[in-house]
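Enquirer: Let me begin by handing over the structure; questions about it come next.
Since every read-out is calculated from the coordinates, none of them should be taken as a lab result. Worth saying up front: this structure is predicted, and the values here are computed from it rather than measured. FYI the Cβ positions are ideal-geometry reconstructions off the backbone, even for glycines, and counts take in every protein chain you see.
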């Protein structure tokens, strides 16, 4: 594997409790639930490190000490780990602003802290190759549970509808919860307004980038992908070898 990677920084969103996890998050933040013998967040960090990421900012909140005690400064995992606390759960869009001092002018990967993919899936997301942003997508997931991503014939994003209502257009491409951004993303999250769900949503910023004809390229993930959203998925994954 080549070690010359354009993207060396990453942010991981790990602040939430994960109320749908019920008793599993009484003592742990959701990203620290073990799947196949390892915390979800550790699998993410190791996968990023194997693909050239050298600096990770973990956005923490609920039971943050569990995460900070486990990863420390990151040296045991072959990279540097820093932390920022999300005091107010006001949406994924504002999280990017929390990381601005960390990312600076660097491009960066952003992953939700409950998304599991094979390490190789990060490879096309640790470079931009001239794109303004990249968004991981999966084919034929249930778009009502997340975002439907609309593409042109070149694989560039033209629109994105988050949790579409019945009757709204849909797409076979599902937002898989991993992104790569150039620094231009900061201009777009700074302009975010509250969504109908009362949050500042990252997907609104991505949509505006697409509307402005910026290059937002979809990266179709191959192989296993899991949004570890509830105890049933944890159980299924733990009963199925990787």
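Enquirer: Starting from the Cα of residue 240, step 7 Å along the direction of its Cβ; do the same at residue 129; then give the gap between the two resulting points in nm.
Expert: In this crude spin-label approximation the distance works out to 2.9 nm.
Enquirer: Can you give the FRET efficiency to the nearest 0.05 for residue 153 and residue 220, using r as the Cβ-Cβ distance and R₀ = 22 Å?
Expert: Working: r = 14 Å, r/R0 = 0.64.
The computed FRET efficiency comes out at 0.95.
Enquirer: Quick one: compute the contact order of the chain, relative version, from alpha carbon pairs under 8 angstrom and 6+ residues apart, as a percent.
Expert: Details: 495 pairs, mean separation 57.5, N = 242.
Value for the chain: 24 percent.
Enquirer: Suppose R0 equals 25 Å; then what is the FRET efficiency for residue 145 and residue 73 from their Cβ-Cβ distance, rounded to the nearest 0.05? Intermediate results must be reported in sequence, preceding the final value.
Expert: Details: r = 36 Å, r/R0 = 1.43.
Efficiency, from the Cβ-Cβ distance: 0.10.
Enquirer: If you don't mind, another one. What does the highest-first list of 141-149, 107-115, 17-25 look like by mean Cβ count within 10 Å? Provide the component values of the computation, followed by the final result.
Expert: On the way: 141-149: 18.3, 107-115: 24.1, 17-25: 14.8.
Answer by packing, highest mean first, reads 107-115, 141-149, 17-25.
Enquirer: For residue 230 and residue 46, what is the calculated FRET efficiency with R₀ set at 22 Å and r taken between the beta-carbons, to the nearest 0.05?
Expert: Working: r = 24 Å, r/R0 = 1.08.
Here the calculated transfer efficiency is 0.40.
Enquirer: Place the peptides 117-130, 159-172, 41-54 in order of packing, highest mean first, counting for every residue the other Cβ atoms within 10 Å and averaging per peptide. Spell out each step's value before the answer.
Expert: On the way: 117-130: 17.9, 159-172: 14.4, 41-54: 20.9.
Per-residue Cβ counts within 10 Å, averaged per peptide and sorted highest first, yield 41-54, 117-130, 159-172.
Enquirer: Under a plain spin-label model, where a point goes 7 Å from the Cα along Cα-to-Cβ, how far apart in nm are residue 38 and residue 20?
Expert: For the pair residue 38/residue 20, the computed spacing is 2.4 nm.
Enquirer: Of 29, 196, 183, which has the largest mean-square fluctuation in a 10 Å C-alpha GNM of the chain?
Expert: 196
Enquirer: Pick out which of 61, 74, 198 has the largest mean-square fluctuation in a Gaussian network model of the chain, springs linking Cα atoms closer than 10 Å.
Expert: Among 61, 74, 198, the largest mean-square fluctuation in the Gaussian network model of the chain belongs to 198.
Enquirer: Out of all DSSP beta bridges in region 9-238, what portion is antiparallel? Express it as a percent rounded to 5.
Expert: Roughly 50 percent of the beta bridges in region 9-238 run antiparallel, per DSSP.
Enquirer: Now for a different question. Let me make sure I get this right: for region 9-238, a, b and c are the square roots of the gyration tensor eigenvalues over alpha carbons, sorted descending. Under 1.5 in a/c it's rounded, otherwise prolate if a/b > b/c, else oblate. Which is it?
Expert: It comes out rounded by the Cα gyration axes.
Enquirer: Starting from the Cα-Cα distance between residue 191 and residue 106, subtract it from 0.36 nm times their residue separation and give me the gain in nm to one decimal. Don't skip to the answer; put the middle values down first.
Expert: On the way: separation 85, 0.36 × 85 = 30.60 nm, distance 2.01 nm.
The residue 191-residue 106 span can extend by a further 28.6 nm.
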